[in-house]
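Contents: one structure, followed by commentary.
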Amino acid sequence: MMDATASMFSTARENLAASRLDQGRQMAAAGKGASRTPDQVREAAQDFESFFLSQMFNHMFSSVKTDALFGGGAGEDAWKSMLVDEYAKATAAKGGIGIAANVMQAMLQAQEASQ
């Protein structure tokens, strides 16, 4: 049961990411969104870094063993991925590891080249 719940959250997160990617591709194919404000580009780049960090943190935290006395169980397995996602969002919001800045620069360059 515990693994099924964690797997369900992981699958939902991956489906959401795939859906956002499909929306971006559809907008690009339709020619919409060719011009985004720097704030919108910054937010998209930060979201990308947050997602990347979430994937990385999930792998890191999967090897962390829980103390049986104060943790573990179905509750921890169900909420752990959400906690890790929040860690990733907080890390990205505080500057992250530099991915967002590079992604933002590339997105702005691509936007300028397309105009």
query = What residue, among those in the range 25-51 that are small (Gly, Ala, Ser) and farther than 24 Å from Met82 by Cα, is modelled with the highest pLDDT?
reply = Ser35
request  = Look through Asp77, Asp67 and report the one residue that is part of a helix (DSSP H, G or I), of a type in the set (Asp, Glu) and over 26 Å from Arg42 (Cα atoms).
outcome  = Asp77
message = Restricting to the range 60-93, name every residue that is at pLDDT 90 or above and either surrounded by 13 or more Cβ atoms within 10 Å (Cβ to Cβ) or within 11 Å of Ser50 (Cα to Cα) (or both).
response = Val84, Asp85, Glu86, Tyr87, Ala88, Lys89, Ala90, Thr91, Ala92, Ala93
query = List, please: which pairs have Cβ atoms under 8 Å, are six or more places apart or on different chains, and start with a residue in the range 88-115 that is on the phi < 0 side of the Ramachandran plot and end with one that is in a helix (DSSP H, G or I) and of a type in the set (Lys, Arg)?
reply = Ala100/Arg42; Met104/Arg42
query = Does Val84 satisfy being touching a residue at least 24 places away in the same chain (Cβ under 8 Å) and among the hydrophobic types (A, V, I, L, M, F, W, C)?
reply = yes
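The values are calculated or read from the model by the stated rules, or taken from the named source; none is laboratory data. Because the structure is a prediction, the values reported are computed rather than measured. Glycine gets a Cβ as well: all are built from the backbone with ideal geometry, and neighbour counts include every protein chain shown.
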